[in-house]
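Quick notes on the structure that follows.
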Amino acid sequence: MRPLSLPLLLVVSTLTLSLSACTRIETGEVGLRVNFDKTVDPTERLPGSFNQTVVGEILTFKIQDVAVGVDNMTPLASDNSTVKDFDMTVVYNVNPSAVSELWTTKNRTFHGISEKGGDILLMQNYVALSARNAAYKVARGYESLKMADNRPLMEQQIRESIIKTLTEEKLGDKIAVSQVQVRAITPADVIVQSANELVRAQNELKTKEVEVQTAKKEAERIAALNANAGAIGYMNAMANLKIAEGVANGKVQTIVVPYDFKGIVNAK
């Protein structure tokens, strides 16, 4: 194999250096160029583009399906009890054409950093704060033990509250909240204990009501028997009469006599 000529070697080296000194913008990201003088080029670099970093640098921003975890909240419920734990996740997207404006005009504390890849998460902390405020506001309208049953409605109301805040701050066309998921709702221990005691008391009450109804029915049965004591005697007399008639007519050959029988049997 013939060695590469010096001019060709220089070309290959230059190409290799150029490619290694480039940043490619991935799907779901937008890039911004920071010039050598630390100024930011306002033109967004879109996904698929290659951008040299020999002079200056390229900042990458994740703009699609940015997830914000808002955990360990303790909002106040409508029954004035404090929820032990309230966790949720908010998913939002950033308008690609608004990346430059948001990065250069908003306070840097509003943004976050991705744990994987180091991408800048525009407005992540701001959205988290808005979500936290919305959660506390919405939770105030529900009893602590009824929040779990109303989870879908609460998620919708929290999302609407966040969108309202963004709109009021003129961010509605720059940030779109696509989903709010309430992951955990844990009532206060004292509320759970009170609920369990209430259920136990209700079950005991139902048991006693059944016992009372049973006692009433038994009393009614005894009263009915006592009221019909004469009828029972009459029925017994009629039965004896039928037996006597059967004996007289020769239709009864055998009679079972009770051990305490005190009557007179005329046997022929």
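The table for this structure:
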{"read-out": "For N93: the one exception among (1) more than 20 Å from G172 (Cβ to Cβ); (2) open to solvent by less than 60 Å² (accessible area, probe 1.4 Å)", "value": "(1)"}
{"read-out": "Tally of residues being among the hydrophobic types (A, V, I, L, M, F, W, C) and over 23 Å from Q157 (Cβ atoms) across segment 87-142", "value": "10"}
{"read-out": "Elements of type helices (runs of 4 or more DSSP H) contained in segment 83-173, each with 3 or more residues being farther than 21 Å from A67 by Cβ", "value": "99-105, 151-168"}
{"read-out": "Selection within segment 174-193 - of a type in the set (V, I, T) and assigned to a helix (DSSP H, G or I)", "value": "V190, I191, V192"}
{"read-out": "A148 at pLDDT below 95 and open to solvent by less than 30 Å² (accessible area, probe 1.4 Å)", "value": "no"}
{"read-out": "Residue within segment 170-186 that is at pLDDT 90 or above, surrounded by 13 or more Cβ atoms within 10 Å (Cβ to Cβ), more than 24 Å from V91 (Cα to Cα) and under 13 Å from the mean Cα position of the chain (by Cα) present", "value": "no"}
{"read-out": "Meets criteria (closer than 30 Å to T23 by Cβ and open to solvent by less than 70 Å² (accessible area, probe 1.4 Å)) for V138", "value": "no"}
{"read-out": "Boolean, G69 is open to solvent by 30 Å² or more (accessible area, probe 1.4 Å), of a type in the set (G, A, S) and part of a strand (DSSP E or B)", "value": "yes"}
{"read-out": "Total residues in segment 103-118, condition under 30 Å from the mean Cα position of the chain (by Cα) and closer than 20 Å to D41 by Cα", "value": "1"}
{"read-out": "Any chance V54 is surrounded by 14 or more Cβ atoms within 10 Å (Cβ to Cβ) and either of a type in the set (V, I, T) or at pLDDT 95 or above (or both)", "value": "no"}
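Residues are listed down the side, and each one gets a yes or a no for (1) modelled with pLDDT of 75 or more; (2) surrounded by 10 or more Cβ atoms within 10 Å (Cβ to Cβ); (3) of a type outside the set (A, V, I, L, M, F, W, C):
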{"position": "A215", "(1), (2), (3)": "yes, yes, no"}
{"position": "E218", "(1), (2), (3)": "yes, yes, yes"}
{"position": "R221", "(1), (2), (3)": "no, yes, yes"}
{"position": "A229", "(1), (2), (3)": "no, no, no"}
{"position": "I232", "(1), (2), (3)": "no, yes, no"}
{"position": "A244", "(1), (2), (3)": "no, yes, no"}
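The values are calculated or read from the model by the stated rules, or taken from the named source; none is laboratory data. Worth saying up front: this structure is predicted, and the values here are computed from it rather than measured. Please note: Cβ atoms are built from the backbone with ideal geometry, for glycine as well, and neighbour counts cover all protein chains shown. Ligands, DNA and RNA are excluded from the accessible area calculation, which covers all protein heavy atoms including side chains. Shrake-Rupley method; radii C 1.70, N 1.55, O 1.52, S 1.80 Å.
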